[in-house]
Amino acid sequence: MINYPALSPNHSRQQFPRKLYDLLENANPAVVAWLVDGMSFYVQDEAQFVSTVLPIYFAHSKMSSFQRQLNIYGFKRLVPRVRERGARGPRHP
């Protein structure tokens, strides 16, 4: 697990966006990667993501907990017809 600087209780929620950014910048692109638009990402191998990537950045290794955090920060799952045009995964408005 990566050690992030201790923050006051008011700033603990701000750690998720930073951890998410670090995760997307450093993870194996065959597992999870930014899409070309730079506004969304795609988890290509969910089993590998949950077992090897999530535990490095978060205290949990549950996809449902990760998705809940994404929802809290306003990320939305892209609809299937958008996926057909090559953009897949959660997107931030």
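Around S51, under 15 Å between beta carbons, what's the net of Lys plus Arg minus Asp minus Glu among the other residues? Before the final figure, lay out the partial values.
Details: positive: K62; negative: D45, E46.
Result for the neighbourhood of S51: -1.
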Amide H neighbours of Q44 under 5 Å, counting only residues 5+ apart in sequence or on other chains, H built in-plane at 1.01 Å? V32, A33
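Only the coordinates and a few stated rules stand behind these numbers; no lab work does. All values reported here derive from a predicted model rather than from experimental measurement. With ideal geometry, Cβ positions are generated from the backbone for all residues, glycine too; neighbour counts draw on all protein chains shown.
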